[in-house]
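Since the structure comes first, as structure tokens, the remarks are kept for the end.
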Amino acid sequence: MLRVLRRPSLAASACLSALLSSGCFDGAELAACGISMTYCDAEDGSAGGEGTVTTSSSTGPGIMTSDSLSGGSGGSGGSGDAGDSASEDTWTSGTTGELNDPPPWIDELACDPPEASEVGPTIVTYKASADAVEADLLDDGVVIATGPAGMPFVFPVTSGPANNPGSHLTVVVRDAGGQTAEASIYQPSVVKDPGSTVWLTLEQHDGMFSTGNAVALDGNNAIGAGVHWDNGQVLAILRRYDKSGTWIATSDGWTQKHTDWTLRAELKTGHLGLGGLAVDGDGNIIAVGTAQVAGEPRMYVARFGTGGGLLWEVLGPPGTEARGVGVTADQSIYVAGSVRVKKGPEVWDMATWVFSADKQAYGPDIFNDPNDLTTERSERGYAVAVLESGRVAVAGTREMEDPITNKQWRRGVVLIFEGKGKRIGEWTSPGDKMDSDAIFAAASSKEGLVVCGYAQNDPDNPSNKPQILIRWLSEDLSEVKAPRVEGSPGAATCYGIGTNMEGATIVGATVHENQGGDNAWLFAVKDAASPRVDYMKRNGASNGQDRVLALACEYMCAWTGSEEVEGAAQWIAGMIRG
């Protein structure tokens with residue numbers, strides 16, 4: 001490939017210089033010089049067509065003439081083969097004859113997929129010369145990523161408004177001396193709007209109770225966990241939805257119940273409900289929940305391979321619960337839950353367990369109120385969020401006593417961990433929005449994390465309905481935005497939260513809107529004052545209890561819950577564009 005040297009401000013001169021070189025005039029094909037006519041036109045202000053790849057290179061401060069391209073004067077010497085005359089062995093200055101360092105080159109720039117029809121990552125690949133050491137990816141002229149030369153880039157296609165009708169992508173490579181070469185390509189985009197439905201699947205009505213309690217993303221596939229009530233036994237169900245939302249008789253989807261996978265004899269006949277899901281970097285699935293064995297709650301953790309085969313399981317001692325799970329980059333598994341410390345009435349302490357990928361256990365870390373000398377107040381863990389730094393946030397709810405009225409109020413609580421369960425920070429809600437508040441869901445964000453649940457004034461007054469409460473925290477647990485209370489016509493609670501690739505907060509909630517019961521809500525907000533963007537307000541055909549109970553977001557958002565059908569709750573799940 002010909003290495004064309006130019007100053008960016010002398011683009012037309014560079015093209016002319018190349019044309020005057022040996023083998024690049026008198027009707028010869030421009031492709032023989034490695035230059036496209038589209039590129040030369042584009043430098044004068046015109047754009048290439050769909051799929052057009054354009055290339056150029058630059059020496060930085062130096063200038064090379066057409067003499068340099070041929071290795072002699074006037075372009076008349078040598079064999080007339082421009083590719084040979086530009087080889088590194090013969091690249092010389094036209095004035096001194098001294099060897100110069102040639103600039104790098106870039107070739108075969110491509111996008112996978114060539115056209116963006118759905119949100120998700122586009123892989124940008126190219127070839128670069130061996131002397132190139134670093135590369136930038138530019139989107140419409142703005143640098144969005146930097147990495148080693150030759151390594152593919154990931155270009156995020158995040159939404160229709162952000163990406164349609166297409167993107168001009170450029171890769172610039174640099175050598176150690178600062179010389180550059182670049183190539184550009186256009187990726188058309190026809191992505192649908194944020195919040196639009198990808199698929200929606202409602203469990204077939206069989207007259208028996210079922211519900212989805214947890215969801216996780218595996219690329220653009222969804223993993224779901226929930227329960228079926230079958231002949232008096234609560235069965236934990238784990239399933240993988242394919243990209244159409246199907247799990248039955250597909251190559252990419254499957255479903256199984258706990259009595260088929262468990263190796264524990266007491267669980268073959270016992271009850272088990274799953275309430276938390278995570279997928280690690282290798283596609284392994286971690287599910288957590290609570291079993292009922294001989295009338296006692298026992299925390300449960302299981303790790304599955306990518307195809308759903310059981311790798312290992314842990315059944316905790318009586319008086320334990322597990323509700324949330326997250327997995328770090330080194331495959332450390334954090335489990336949020338609680339341990340019972342008193343019966344009659346029951347009192348619980350917040351507990352965090354950590355397991356390695358090979359089942360080694362650490363902890364638990366126990367969080368409680370040191371001033372609760374008579375063990376009257378409970379703390380429970382509900383959610384885990386793995387933060388961008390690699391630290392882990394465990395969120396839940398605690399009970400606190402008002403020193404003046406002696407009333408007990410709920411408050412949201414967040415603990416920060418690092419390593420294998422070393423607690424390094426804690427935060428308790430100041431109760432600044434209403435008398436009580438709680439946290440049931442948490443997710444990583446660019447600022448740190450976002451949590452949600454509800455806020456409520458004195459619940460002894462029946463007119464005081466719980467309302468959705470959202471808070472944004474940094475990793476040091478300071479509030480980076482004002483909290484948001486989302487007003488609704490009736491009682492409302494957030495059970496799922498996430499952030500999309502553009503930084504918006506996506507909320508999954510259950511809202512009592514009508515006399516029939518609850519409705520399932522999905523919406524997006526940015527902060528306390530931004531307008532709410534409604535994605536879904538679902539009232540099922542039976543006008544009954546319809547609920548969102550979990551949410552997971554990346555490029556897309558998967559959600560799950562239940563919808564009442566002819567008097568029975570049925571498992572429902574869906575996928576929307578974030």
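Taken together, the values in this text are just the output of simple stated rules run on the coordinates, not laboratory data. These figures come from a predicted structure and were not determined experimentally. Because the Cβ atoms are built from the backbone with ideal geometry, glycine has one as well, and the counts that use them run over all protein chains shown.
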If amide H atoms are modeled at 1.01 Å from N in the peptide plane, then the residues at a separation of 5 or more from ALA145, or on another chain, having amide H under 5 Å from its own are LEU137
In order over segment 196-202: 3J(HN,Hα) from phi, Karplus 6.51/-1.76/1.60, θ = phi - 60°, whole Hz, x for each Gly or Pro, gives 6, 7, 8, 7, 9, 10, 10
With +1 at each Lys and Arg Cβ and -1 at each Asp and Glu Cβ, the charge dipole magnitude of segment 196-577 around its Cα centre, to the nearest 20 debye, comes out at 260
For segment 106-188, shape from the Cα gyration tensor axes a ≥ b ≥ c, cut at a/c of 1.5 then a/b versus b/c, turns out prolate
Taking placed amide H atoms and a strict 5 Å upper bound, the residues 5 or more places from GLN570 or on another chain that come that close are SER210, GLU563, GLU564, VAL565
Any GluC sites (Glu not before Pro) in segment 486-576 that lie in a DSSP loop and have at most 16 other Cβ atoms within 10 Å would be GLU502, GLU566
Taking a ≥ b ≥ c as the square roots of the eigenvalues of the Cα gyration tensor, with a/c under 1.5 meaning rounded and otherwise prolate when a/b exceeds b/c and oblate if not, segment 196-577 is rounded
Sorted by chain and number, the residues with a modelled amide H under 5 Å from that of THR499, at a separation of 5 or more or across chains, are ILE506, CYS553
The ³J(HN,Hα) series, computed from each phi in segment 271-287 with the Karplus coefficients 6.51, -1.76 and 1.60 at θ = phi - 60°, rounded to the nearest Hz and given as x for glycine or proline, is 8, 8, x, 9, x, x, 9, 8, 10, 7, x, 9, x, 6, 10, 10, 10
Note to self: C-alpha centroids of segment 303-327 and segment 259-302 sit apart, in Å, by 5
Around LYS422 (Cβ within 12 Å, Cβ-to-Cβ, excluding LYS422; K/R +1, D/E -1) the net charge comes to +1
With a ≥ b ≥ c from the Cα gyration tensor eigenvalues, square-rooted, and the rule rounded for a/c under 1.5, otherwise prolate when a/b > b/c and oblate otherwise, segment 451-513 is oblate
For segment 296-304, in residue order, the Karplus 3J(HN,Hα) values (coefficients 6.51, -1.76, 1.60; θ = phi - 60°; whole Hz; Gly and Pro = x) are 10, x, 9, 5, 9, 9, 9, 10, 10
So, relative contact order of segment 106-188 in percent, Cα under 8 Å, 6 or more apart, is 33
